[in-house]
Every structure is written in C-alpha cells, then in structure tokens.
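A short worksheet on the structure shown next.
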Amino acid sequence: MQNRWNDRDLKTCIDAFAPQWGERLALRVYTSRLLGRDPDLVLHGGGNTSVKGAFRTLLGDEVAAIWVKGSGSDLDSIGPDGFPALDLSYLRRLRARDTLSDEQMVNELRTHLFDAAAPNPSVETLLHAFLPHAFVDHTHADAALVLTHQAPDLAGELIAEAFPGWGVVPYIMPGFKLAKLAAETYERDPSMPGLVLMHHGLFTFSDDARASYSCMVEAVDRAERVAGKRAQARTLVSVSLPGNETIADTAVALRGALGAMGRNMILEHRATEDVLRILAGPNVDAMARTGPLTPDHVLRTKPWPMVWNAGEDATAAVLRHVADYNTYYQEHAGGAGRPLEKLDGLPRVIWVPDQGIFAWGLSQEDARMAADIAEHTLKAKDSANALGRYVPLPEGDLFDVEYWTLEQAKLGKRKHAPLAGQIAMITGGAGAIGFAVSKSLLEAGAVVAVVDADRERVQSAVNEFQPKWKERVHGVVADITDPDAVKSAFTETCVRFGGLDLLVPCVGIALGIKIEDLDIAAFRRVVDVNLTGTMSILREAGRLFRRQGLGGNVVLISTKNVFAPGAQFGAYSSTKAGEHQLARIASLEWADMGVRVNMISVDAVFGDETRPSGLWQEIGPHRARAHGIDPAELPEFYRRRNLLKTRVTGEDVGRAVVFFATNQTPTTGATLPVDGGLPDATPR
Ligand code: ZN
C-alpha cells in the first residue's frame, strides 16, 4: 500500500477550502480523499473520517465541535460540506448513559448539528467523538479483513504481527455500544496507535492529520505483507476470458430467471484473470456460502452470492437460492423483537465459473457497487483461505445489519423512477428524435444503449449524456443494413446491461424524387435502411425477448406519411409503411410472450441547432420548394399546418415512448400520433 501524501496536492486543497472553511477542515478533506482513492481501503460510501475543533456561532461563541463524514458522501470525492458539524461536548456527555437506541442516537445527532440542513452524520459519529484526537480515520481495509476473518487463534497471531500494540475490539454492530467499547479499549492504553475492529475495519487517530493517515497506510501495508508472506503457495490454473456471445447468453438467461421472480435488474459483469482463476478453484460452492467481509456489504450484495454453472436451469437455481434466503429469514426474524418487512431474497451477485461475476442492481450504479464489492470480497476470501480458512461472522450478525431499523428506514424512503431496472435500445439514437427519446428514457430511469451508424455522432451523444447519467448510457456503433452488425449490437447491449426491455427503432432516410425519376440503386438503399434494417432489428429483438422471457416493449418511430403520403416521397413513404406493417405483425406474433408493439406517427420534428434532423436536412430544401417557401420557414409552415398550431419536438416523441414503455394501458398494435393533429393522417 502506497502512502499518497503529496505537499503540492495538499496546498491546492488548502488554497481551495481554507479561506472559507478553515485549515483544519481543508486538511481533513485532503486526507479523507487520499483514503477514498484506495479501493483496498474503502469502497462506495464505506469508511469515515472526522476532525475536531471550534465552531463559531452567529453570536460569536466558540463551541467545541466535531465535523464527521455525512451519510451519502464518498471519501474520494468529499468536500467540506460533506462533513456536518456537531456539538462535541454534548455528544461526549451521552457516554454516561447505559443504553441509547439507534433511533435515539439518530435523533441526538440530528438535534445537535450546527446546520439544520446538514446531511445525517455517520452512524459511527459517537465512536469518533469519544476518542480524544483531533483527527480520526476509519477504513474497512481488505487486508485487515483478511486477517480478522480467521479462526480465533490464528487471527490473534496475525493481528499481533500486523498491528503491534493496537487495541482489538470484538465485533459489535455500529452504534452506541460499539462507540463505548472502542473508547474503553483505547483508554486502557492511550499510547496505542490504532484500533482493530474485528470483521469490520481499522481506526487510526492523531492530533496531526498526516500522522493519522500515515499510520493507517503503514498498518495496511504491514497487513498486506503479513498476508503475502504467510500465504501457502498454490499452483495457478490458466484461465481464458469468455467471449462476448457467451457472456450475453448467460446474462440473458440469468436476467430472465431473476426477472421472473419480480425484478428486472441491470448487469455489471466482471471477468479479470484473478476472478476467473479463483472461480476455477475446487471449493467455490463452499466459499460462496460464507458471509461478506463486513456486514454492511449485505445491503449491496445480499448475504451470499449464487453460484451458477452454464447449462444449468437458471430459474431452478434462483428458486433454490431464494428458498435458502427464506430459511435464513425465518431463522433470524423472530430474534428481532419487532415486526420486519421482509426483503427480496434474490441474489445480487452470481458467480459463474469460467465466465466471472454477474452482479445485478435495480440501477446501473447499484450493480456497479455490488460488482466492486463482490470482486474485492472474492479476492479477500481467497487470500484468507490461503492463510488459513475464511471464517465469516455468524449469520445472525448479518441479519441484524440487513434488517437494521436505520437501513429499513432508508429503504422505505427510496423512490424508484418509472423505468428503473429497464434496459432500452434506440437505433438511430444519435439523430434528432433518437437523441430526444434516449434522453426521455434516461430521465425516466432506464439505462440506454444508443445505437447509430456514425461513430462520431454516437460519441457526441454519449458525451452529452454522460455528465448527468454516467454509466447508464452506452454507445454502440452499428450499421443496421448489416445483419451481423445488428446481432453484435444486441450482444454488446446484453454484455453491458444484461438484456433488453424496450426497443425503439428510430431510423429513416428519404429521397425527394418522383417515381418516374427514381434510380433503382438509390431506391434499394432506402429499402435497405428503412425496411430491411428495421426487419433485422425487430428479428434480433424478437429472438432476444423470447429467450429472456420477461415480455417487453417495442415502440416504432413511424411517420404521418404512412397514413398521408406526399407526392415525390415514394421511397420514404413506402418503406416506412412497410416498417409500420412489420411492427403491426410483430404485435400479433409477440403478444404470446408479453411483448407489446406500438407505433408513434410523427410529423415535422426538425431537431435543434446542435442536433438537426438528418432527414429534414436532406429533404428540407425539396419540401420548401414544393410548398413555395424558403427552407428557413419550414418549421413555422409545419407548425401552422396542424390543428393545435404547435411545433412538434423530439421531447414530445420521447414522452410518448415513455407512456408506452410504462405499460399504462393494455395496448398493442396501436399508433399514437404525435403531430399536432393532422386530420388526413389520423390512423383509422
Ligand atoms: Zn465502519
């Protein structure tokens, strides 16, 4: 483990934050970020830090205060406002109490903040407050967990070697009791450099920020060395990374089995050589049945991963896993002494030997966090087994954290977007309408594969989405006239997200030419893109929906020309009519598997300056001439042409797609006009 302290970076941090927040808090931010940067120390909101000092109130009083990481912050990106300040003297007086329930503790913390709008301080705040030092650092370092998850004698020996002179605190759930026990352990020998919390993590402390940080890093480095030195040598098996089609097949089979139990989830797949090598080991099933590295991981990964071997019946495997979870629930629920709301027993992490870790979440972020934790856990368990034997906490302790009132309260508050857990693919997704539809779907909570033929346009769409939606959007470059490319686009989407729930074919090229002047090759090109391309997309989607078995939606972006064609527009109108008819036929063929197919007939969506409609750029001048107007007047011309005198936008189309995708009405094979009202083009 590397000490990342760097005077220049420190100065940048001090310059940025000290003027407003003071030097202490700026220092606190700096070393917190150093800790956060090491995933072997903390992962996704894990770990916390604090600093003590004086808070100056509005009246000018100087009050002893503690700034501690608030919930919802990650150490690697935390800023000064991620540290709510609390009344330190009051918190310390709480120590005199014999008991303090979690609810009481949360209330005491919340009512002793200096800023009413501050985030909730960490549940480990009292532990920080009861220690005397200005700077307290806490991590869930993998290396410490490898050493503490051993049979007691060996664990004692390893801890003494890696953490000489440190206090050792047996496992208790975070909260008041743990805070008191940790403080008592420390006070038995105030010269100790830090605390080892069994099955949980490490605390270091000092009045000097750098000393506390360095103590943490050096200790973890020693722990890594001890683990490395004592590990039994093993023969390394050689492994090969699985191909995309294999991963996609597995993803779809697993997603179908999970979804059949009520949850459509998003995939994050991991297959490094390390992961594959460990999963190729002889004791995978036994290792899977051991609990997580720290109980709070249960919230992201559930108590255990499921193991699935390719070729096995995925539904049967999920059912077995859920039955196992139900037994665990029944065994421990009685001990809670209060009514519980049972959580779903579906696995979030599935180990597939030869193929890697398949992690699942209701959102891409949840899936990624589950995957990160699963990867670290797998490696740590493997290292622990190389030292001795990975000995997990008893299941009751896991259960207590999974059903902790504080966690249950959070779950109750969590709101899900209408399309959470849904995977959408938009072909022509980088065009004016496709882009707007993609945006609407992202806003509604779906993850989106933006498919388009032009690499630059795909990249620019993804770049525009990523600041807000991050890994929820994925760009795929594919020419839909090439059936192999279409197949690969579906495979890529399944590898990235796990399957498909919604397909939006949104393609169309046009020619403004009279039939008698049409060139056969040019006409064939329009047929190729609009009709054959759409058929090829529908065909792959149908096959995928059938294998996945979760129903789904197709919303075809059609046109008013299907109902009211225009002269000199034969190539476009006839091929779009063919597409439209194909979609209607798909609605007949796919109803049995719960897939709805609907169409949106659109008119005159011009896009905007950054993303003008390619179709209108192509045919605009021609249409303008036909109507005897200037091309710049076209949008206004079409606005005045419809009943509602409204300009139709891509966002309007996006809302219509979301309407169908959310299954609000029992509708399939239908056409919804989004055209401002055109009597000639009203579907009949
Ligand atoms: Zn902790």
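The values are calculated or read from the model by the stated rules, or taken from the named source; none is laboratory data. The shown structure was predicted, so the numbers you read here are calculated from the model rather than taken from an experiment. Neighbour counts run over all protein chains shown; Cβ positions are idealised from the backbone, glycine included. In case anyone asks, the SASA skips ligands and DNA or RNA and just uses the protein heavy atoms, side chains included. Shrake-Rupley method; radii C 1.70, N 1.55, O 1.52, S 1.80 Å.
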Can you give me the pair-distance distribution of segment 499-573, C-alpha pairs, 10 Å bins, whole percents? 18, 40, 26, 14, 3
How high is the relative contact order of the chain, in percent, with contacts defined as C-alpha pairs under 8 Å that are six or more residues apart? 10
Under a crude label model (7 Å from the Cα following the beta-carbon direction), how far is R546 from K645 in nanometres? 5.2
Amide H of G194: which non-local residues (sequence gap of 5 or more, or other chain) have their own amide H closer than 5 Å, using H built in the peptide plane? G167
Principal axis lengths of segment 7-230 from Cα atoms, whole Å, largest first? 58, 47, 30
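Counting only protein heavy atoms and using a 1.4 Å probe, what share of the accessible area of the chain belongs to carbon plus sulfur, as a whole percent?
51
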More than 21 Å apart: what percent of Cα pairs in segment 83-201 qualify? 42
Sort 159-165, 198-204, 542-548 by packing, meaning the average of other beta carbons within 10 Å per residue, with the highest value first. 198-204, 542-548, 159-165
Cα-based Rg / Dmax (Å) for segment 154-239: 15.3, 51
Solvent-accessible area per residue for segment 244-411 (1.4 angstrom probe, square angstrom): 37
Relative frequency of Cα-Cα separations exceeding 14 Å in segment 593-633, percent: 59
CD proxy, 222 nm, the chain: helix-only mean residue ellipticity via -39,500 (n - 2.57) per DSSP H run with n ≥ 4, per residue, nearest 500, stands at -14500 deg cm²/dmol
Going by Cα centres, segment 73-139 and segment 186-243 are how many Å apart? 25
Relative intensity, log₁₀ I(q)/I(0), of segment 2-68 from a Debye sum that treats every alpha carbon as a point, q = 0.23 Å⁻¹: -1.03
Once the cut-off is 21 Å, how many percent of the Cα-Cα pairs in segment 266-352 end up in the long-distance tail? 36
Segment 217-270: Cα Rg divided by the 2.2 N^0.38 Å rule of thumb: 1.93
Packing-based ranking, highest mean first, of 566-576, 374-384, 624-634 given that Cβ atoms within 10 Å are counted: 374-384, 566-576, 624-634
What angle do you read, to the nearest 10 degrees and between 0 and 90, between the alpha-carbon axis of helix 534-548 and the longest principal axis of the chain? 40
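Could you compute the FRET efficiency for Q664 and D208, with r as their C-beta to C-beta distance and R0 at 41 Å, rounded to 0.05?
The pair Q664/D208 has a calculated efficiency of 0.10.
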Averaged per residue, what accessible area in Å² does segment 581-684 show with a 1.4 Å probe, protein chains only? 53
Rounded to the nearest 10 degrees, the helix 244-260 long axis (Cα) sits at an angle to the longest Cα principal axis of the chain of 80
What spacing in nm lies between the two simple spin-label points modelled at Y171 and R110, each 7 Å away from Cα in the Cβ direction? 3.0
Angle between the chain longest axis and helix 650-661 axis [Cα atoms, degrees, rounded to 10]: 70
For segment 362-477, state the average projected area of the convex hull of the C-alpha atoms over all orientations, rounded to one decimal in nm². 10.0
Under 5 Å between amide hydrogens, which residues at least 5 positions from A134 or on another chain qualify, with H placed 1.01 Å from N in the peptide plane? S206, D207
Quick one: P(r) of segment 414-530 from all Cα-Cα pairs, 5 Å bins, percents rounded to integers, in order of increasing distance. 2, 12, 21, 22, 16, 10, 7, 5, 3, 1, 0, 0, 0
Extension gain (nm, one decimal) between Q20 and E157, 0.36 nm per residue minus Cα-Cα: 44.6 nm
Cα-based Rg and Dmax for segment 572-651, in Å, come out at 16.2, 50
Per principal axis, descending, Cα span of the chain in whole Å: 97, 65, 49
Distance in nm between L59 and T99 label points, each 7 Å along Cα→Cβ, equals 3.6
I'd like the Karplus ³J(HN,Hα) series for segment 270-279: coefficients 6.51, -1.76, 1.60, θ = phi - 60°, whole numbers in Hz, and an x wherever there's a Gly or Pro. 10, 8, 7, 4, 4, 4, 5, 5, 5, 5
Using alpha carbon centers only, segment 16-71 is separated from segment 249-267 by a whole-angstrom value of 41
Can you give the log10 of the normalised intensity I(q)/I(0) at q = 0.12, 0.19 Å⁻¹, computed with Debye over equal Cα scatterers of segment 244-411? -0.51, -1.31
Please label the shape of segment 4-121 as rounded, prolate or oblate, based on the square roots a ≥ b ≥ c of the eigenvalues of the alpha-carbon gyration tensor (a/c under 1.5 means rounded; beyond that, a/b larger than b/c means prolate, else oblate). oblate
Efficiency of FRET from Cβ geometry, A417 and D9, R₀ 30 Å, rounded to 0.05: 0.20
At R0 = 56 Å, how high is the FRET efficiency between R37 and Q330 if r is their beta carbon distance? Nearest 0.05 is fine. 0.85
Among 604-614, 496-506, how do they line up by average Cβ neighbours within 10 Å per residue, starting with the highest? 496-506, 604-614
